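Coordinate-derived values only; no laboratory data. Given the structure is predicted, the values throughout are model-derived calculations rather than measurements. Virtual Cβ from ideal backbone geometry, glycine too; neighbours counted across all protein chains shown.
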Amino acid sequence: MRHVILLGLMLLCLPATAKQFLYVENTRSGHITVIAIPEHEVVGTFKAGNHPDDVVASPDGRVLYVNNHSDGQDGRNEIVAFDTITGGVLWRVPVDGVPNHMSLSSDGRWLYVPFFDTRFTSVIDTVTKSEDRRIFGVLGGHGTKLSPDDKRLYIGSMVTDAIYVVDVATGRPSNVINFEDGVRPFAFTSDEQTLYVQLSRLHGFDVADTASREIVRRVDLPPLPPDAPVMKAFPHTVNHGLELSPDEKYLLAAGSAANYVAVYTHPELEFVKTIATGAEPNWIIYTPDSRYAYVTARASDEISVIDMQKLEEIARIPSTGNYPQRMRVVDVPASKLSLPDS
């Protein structure tokens, strides 16, 4: 009898069957679209709040962190934690600035939140559900990425035209790489030796050596058509979306003004082809195994699915929302979700 009880307890402790889902924030409609992988079908949505701008998932796949913006009339600047299975709110933390693209430590404890309008970065403790401390930040703070060992936080600025490498233990920058324009999406190799950086007015991307702080190469994307809708006012966005595949075999760069992603081999950076997407591609991510890449098209409210073995778009999914931008692939510990409209 004792063995039966122990077996039952062991079974109760086993994790639920996990399944991959893609969580996409829709900035203007204010909700999250959830897409099943590999079926690539929308399985539900839930309300995120006012003007969500980014989503980050906990390592165990149970929590989705969303940053909401105040528009000056409604809502507030805040970080909201949602249950990935039900879409329910777990907790909220108001923040003192306009939050931009966040990074989460690999243990899920520390959420780093840059702000566009302040000179500090907020470090949210996801256990105490509160701001733990403030470290170096910069005006125009936009994108962030953590080093593989969680010791360095890379912060790109759209205002000061640089990427700052911040030692998270001291909270101070240990390196600065300067560019000629505002820093938009960027990626770096797992050894942190090479940076790939999109800039505000550049139809292409720069390649920088982190040790020398030098720009060692500029890669031009295929030419824009004469009638391409290039943004003439701040933030002067030409392209927005750049990511290195997890296996580091390919780099995808969004040609946002021409509605495509350009494929480059890595590390050679030899141009392979362009893949057509919906209107105004904005963000690129991959499944952890590098099998699929996903591209949001915020002007046509779609998500492109790219098969990275075929290097072809195999599906284009309506986002069921307005202005899809940032997204995350999440290994959720459940085979089926219980979202409000799933």
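At-a-glance table
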{"item": "The stretch 189-262: relative contact order as a whole-number percent, Cα under 8 Å and 6+ apart", "result": "25"}
{"item": "0 to 90° range, to nearest 10: angle between helix 2-13 axis and the chain longest Cα axis", "result": "30"}
{"item": "Distance from the stretch 154-213 to the stretch 215-284 (C-alpha centre basis), Å", "result": "17"}
{"item": "Cα gyration tensor category, rounded, prolate or oblate, for the stretch 22-110 with a/c compared to 1.5", "result": "oblate"}
{"item": "Length-normalised contact order of the chain in % [C-alpha pairs under 8 Å, at least 6 apart]", "result": "16"}
{"item": "The chain - mean residue ellipticity at 222 nm from DSSP helices (-39,500 (n - 2.57) per run, n ≥ 4, rounded to 500)", "result": "-1000 deg cm²/dmol"}
{"item": "Fewest-first ranking of Trp91, Trp110, Trp283, using other Cβ atoms within 10 Å as the exposure measure", "result": "Trp91, Trp110, Trp283"}
{"item": "Ordering of 285-292, 296-303 by burial proxy (mean other Cβ atoms within 10 Å per residue, highest first)", "result": "296-303, 285-292"}
